[in-house]
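Colleague: Please find one structure pasted underneath; my questions will follow.
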Amino acid sequence: QVQLVESGGGLVQPGGSLRLSCAASGIMVSIYAMGWYRQAPGQQRELVASITSGGSTNYADSVKGRFTISRDNAKNTVYLQMNSLKPEDTAVYLCNAYRFGFASWGQGTQVTVSS
């Protein structure tokens, strides 16, 4: 059974940083395309960052230069380092694993950027 468990969200002031973690079980993150998505109230879910099995990364324009996705194969965990956070980054952040038509989602972790 595949399980993705996100953690690391919380309340942070504008300009602050958070690191989200996505701990996987039932799959090996090293061979999956892993992604971080976010969904704010009343808005569509959007892709924030992704990393392929080969290590290539991709970012939404709105987070380029501020967010970094990485993967620790030994810990079977994917991270999202978020710096210079803005109020518009406020959302539920969800982890996704994808491979050959199979997709799995975590339950999400809330990130709130507010003074």
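The values are calculated or read from the model by the stated rules, or taken from the named source; none is laboratory data. Treat the numbers as computed from the prediction; the structure is a model and nothing was measured. Ideal geometry is used to build each Cβ from the backbone, glycine not excepted, and the neighbour counts take in all protein chains shown. Side chains are part of the model used for accessible areas, which takes the heavy atoms of the whole protein and leaves out ligands, DNA and RNA. Shrake-Rupley method; radii C 1.70, N 1.55, O 1.52, S 1.80 Å.
Colleague: Taking every pair of alpha-carbon atoms in the stretch 3-64, what share in percent sits in each 10 Å bin, from 0 to the bin with the longest distance?
Modeller: In whole percents, the pair-distance histogram is 18, 47, 31, 5.
Colleague: Along the charge dipole of the stretch 47-106, Cβ charges K/R +1 and D/E -1, which of S70, A60, S84 sits furthest on the positive end?
Modeller: S70
Colleague: Still on this structure, I have one more. Note down the relative contact order for the chain as a percent, whole number, built from C-alpha pairs under 8 angstrom at least six residues apart.
Modeller: The normalised contact order for the chain reaches 37 percent.
Colleague: What distance in nm lies between label points placed 7 Å from Cα along the C-beta direction at A103 and N73?
Modeller: With each label point 7 Å from Cα toward Cβ, the separation is 2.6 nm.
Colleague: While we're here: Determine, for each peptide in 103-113, 55-65, the mean count of other beta carbons within 10 angstrom over its residues, then list the peptides with the highest first.
Modeller: Top to bottom by mean Cβ count within 10 Å: 103-113, 55-65.
Colleague: With a 1.4 Å probe and all protein chains left in place, how much of the accessible area of the chain comes from carbon and sulfur atoms, in whole percent?
Modeller: Values: 2830 of 5990 Å².
Here it works out to 47 percent.
Colleague: Also: Hey, what does the equivalent ellipsoid look like for the stretch 42-96, semi-axes from the Cα gyration tensor as sqrt of 5 times each eigenvalue, largest first, whole Å?
Modeller: One finds semi-axes of 21, 12, 11 Å for the stretch 42-96.
Colleague: Using r as the Cβ-Cβ distance of K86 and S7, and R0 as 22 Å, what FRET efficiency do you calculate, to the nearest 0.05?
Modeller: 0.55
Colleague: Using only Cα atoms, figure out Rg for the chain and give it as a multiple of 2.2 N^0.38 Å.
Modeller: Against the compact-globule rule of thumb, the ratio is 0.99.
Colleague: Could you do me a favour and compute the accessible area per residue for the chain, 1.4 Å probe, result in Å²?
Modeller: Value for the chain: 52 Å² per residue.
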